[in-house]
1. Before we move on, is Leu68 more than 30 Å from Ile266 (Cβ to Cβ) and in a helix (DSSP H, G or I)?
2. Cβ-Cβ under 6 Å, sequence separation 6+ or interchain: first residue in the stretch 408-437 and away from the ligand (no atom under 15 Å from the Cβ), partner assigned to a loop (DSSP other than H, G, I, E, B) and charged (D, E, K, R). Which pairs?
3. Run Gln491 past the list (1) surrounded by fewer than 20 Cβ atoms within 10 Å (Cβ to Cβ); (2) of a type outside the set (Ser, Thr, Tyr); (3) away from the ligand (no atom under 15 Å from the Cβ); (4) closer than 30 Å to Val597 by Cα and report the number of the one that doesn't hold.
4. So, of the residues in the stretch 378-395 that are away from the ligand (no atom under 13 Å from the Cβ) and in contact (Cβ under 8 Å) with a residue 60 or more places away in the chain, which turns out to be surrounded by the most Cβ atoms within 10 Å (Cβ to Cβ)?
5. Could you tell me which of the residues Gln553, Gln589 is at pLDDT 75 or above and in contact with a helix residue (DSSP H, G or I) (Cβ under 9 Å, 6 or more places away or on another chain)?
6. With modelled with pLDDT under 90 and closer than 30 Å to Asp443 by Cβ as the only criterion, which of Ala523, Ala610, Ala563, Ala540 stands out?
7. Would the stretch 438-454 turn up any residue that is more than 16 Å from the ligand (Cβ to nearest atom), surrounded by fewer than 21 Cβ atoms within 10 Å (Cβ to Cβ), in contact (Cβ under 8 Å) with a residue 24 or more places away in the chain and over 21 Å from Ile534 (Cα atoms)?
8. Among the residues of the stretch 549-568, which ones are within 41 Å of the chain's Cα centre (by Cα) and not in a helix (DSSP H, G or I)?
Amino acid sequence: MSFFQAVRLNYRAWHIWWNVCPRWFEAVILSSVVSAVSPYISLWMTARIIEELAGGRNPEIVWKLVTLTIGVTGILSFLDSVLKRLKRYETDSASCLYNRIFMDKMLSLDYEHMDSQAAYDLYSQATQNDKWSGLGLREALVLFERLVGSVAQILGGVFLTVPMFLAEIPNSSGRLAWLNHPLSVVLLMGFMLIVSTVSSVCTDKGQGYWTRYADETRFGNRLADFYVFLNKDKRRAMDLRMYNQQEKVCNVLLDRENPFKLSSKIVQYARGAMGMWMAGSKSVSALLTAVIYFFVCFKAWAGAYGLGSVTQFIGALFHLFSGISKLMNALAKMVSNGSFLETAFEFLDISNEMYQGSLTTEKRADRQYEIEFRNVSFRYPGTKTDVLRHVNIKFPIGSRLAIVGMNGSGKTTFIKLLCRLYDPVEGQILLNGIDICKYRYEDYRSLFSVVFQDFQLFSLPLGENVAGCVSYSSEQAEESLKKAGFTNWKQVMPSGLNTPLYKDLCGQGVSVSGGEAQKIAIARALYKDAPFMILDEPTAALDPVAEAEIYEQFWEIVGDRTAVFISHRLSSCKLCDTILVFHEGEIVQQGTHEELVKDRNGVYKKLWEAQAQYYAKRL
Ligand code: ADP
């Protein structure tokens, strides 16, 4: 990557940060300038004291200088500490905002991208680079701070060393008079620049092993991330123990892929090449120390300035050199950080391609919404097989639709298209005769209450889980829980609707059972009170009594909504107006239960008989 490309990428990163936390920049600029300039002020004052001690030795002047030095140094230290504290606070806030930048992007992605492996890979690459050593967006902040600090340090150093170059050696000093020649200044500055460059190149080469190694550790890091959290993930805890998976699989994998094991490349680099480059950087710097001492002391020896100025110039030149080194190092790091920023931007630049319409769905009190699938086919992005083929179906208003079929026949995919998590690759889905793409996405989504098979509840109070928001109507939430069959919720939840679910965020949280969770999820769908109610395997986790209760109350639960539900329990489908039978991505049959069982060769009949036989055997 070229230097200019890297500057452009880092500039873009600063721009992003500026938009989310401008105060960080103010705090860093102020703090870096004060930190960089303070040593020069102390240095200058100390030089004046030494000068007076070595020259006039006037106690009054010395006393005044010492008092002034103590006062100024005290004020600067105080200011420096306050600004560092402020910077620390702003940096911590920026750190939280870093996660927000990625989280907001993740949540605003088209579902299709969110669900895709490519987007996940980019996201996990960017976050792992960040975890590895803050590379990417976070490093851009560190580099900004270094650039500001080093420029302020260089300016301060130049300001204090100019008098040294201007101080003339008397002609009587003989051979040392050549130090007055402007060439000597050019030579010293040139040497300083070369040494700074070589030293920062060596440091960069040494540290470069970390960045180069980031790629090779990705898999090991992913494993560690996954398996470390595995211990905390309660859903996996039982299987982990029963099959001793931790011992037999996780540990073996973790040992094999451990990025820091003795035989790993990073450890080998650290022992060899990495250490050599770092040592090289220090040795070159030591060479410059000698040259600075020679130059400053020879000029003083020849009578250009006094003892106090020697202290000032030596100190200033060292600070100047360290400023130049920091600047070089920051510029070199901008290049190495560039490729990590590219990954982060690749993720942040994923564009939403779903067409966002502008029509409103006009919230109709009469719920007169009709959906039609017209010749809809679909295949998942990056795959070649159609999982839905030429689906044609109209949902009459207020109808109850059941969807049955074998695993993998496309039932859930059909629901995903209906809710517009994906768009069809062929055909159209129409709402009241208009392509659903033409409606505002938020408006369209608000028409559906869905209980997915793998629904998730959150570690939040029960009421907030049901309502999906922080301020809600308690009566409506209670009513929804009752309708969903969670009649004894008051006994289970000690603080009523304020009882937190699960213990992730609160020790008093209640760990609900699978069946209770399913009832809460149904209550959540009811609370939303959308015109379409979709239930994907709504009773899978319920006991037979609860299941019977739900079906008894089914009509009441659904009310005047259009209802679609996927179920493997065919007996429950009898309640529906229409049953759609999916097979290998196609609707192969549709009708009422009575109509479908009459078709002896139909898929429905086979499914029905298989279930009937199973129950007969069990009885
Ligand atoms: P069902 O709900 O009938 O069990 P699905 O609609 O979940 O079936 O799946 C239909 C087919 O689509 C299956 O072959 C499944 O493997 C595939 N599929 C489901 N989700 C994805 C996905 N995100 N990416 C690729 N293929 C998928």
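1. Details: more than 30 Å from Ile266 (Cβ to Cβ): yes; in a helix (DSSP H, G or I): yes.
The answer is yes for Leu68.
2. Pairs that qualify, where the first residue is away from the ligand (no atom under 15 Å from the Cβ) and the partner is assigned to a loop (DSSP other than H, G, I, E, B) and charged (D, E, K, R), are Asn432/Glu370; Ile436/Arg420.
3. All conditions are met except number (4).
4. Start the filter on the stretch 378-395 by keeping residues that are away from the ligand (no atom under 13 Å from the Cβ), which leaves 390, 392-395.
Retained after the next criterion (residues that are in contact (Cβ under 8 Å) with a residue 60 or more places away in the chain): 390, 392-393, 395.
Details: His390: 15, Asn392: 13, Ile393: 18, Phe395: 21.
Looking at the filtered set, the residue picked out is Phe395.
5. Details: Gln553 fails: at pLDDT 75 or above.
Exactly one residue qualifies, and that residue is Gln589.
6. Numbers: Ala523 fails: modelled with pLDDT under 90; Ala610 fails: closer than 30 Å to Asp443 by Cβ; Ala540 fails: closer than 30 Å to Asp443 by Cβ.
Unique residue meeting the criteria: Ala563.
7. yes
8. Filtering the stretch 549-568 for residues within 41 Å of the chain's Cα centre (by Cα) gives 550, 557-558, 561-568.
If the condition is that a residue be within 41 Å of the chain's Cα centre (by Cα) and not in a helix (DSSP H, G or I), then Arg561, Thr562, Ala563, Val564, Phe565, Ile566, Ser567, His568 are the ones that fit.
The values are calculated or read from the model by the stated rules, or taken from the named source; none is laboratory data. Bear in mind the structure is a predicted one, so any value in this text is a computation, not a measurement. Using ideal geometry, Cβ is built from the backbone for each residue, glycine included, and neighbour counts are taken over all protein chains shown.
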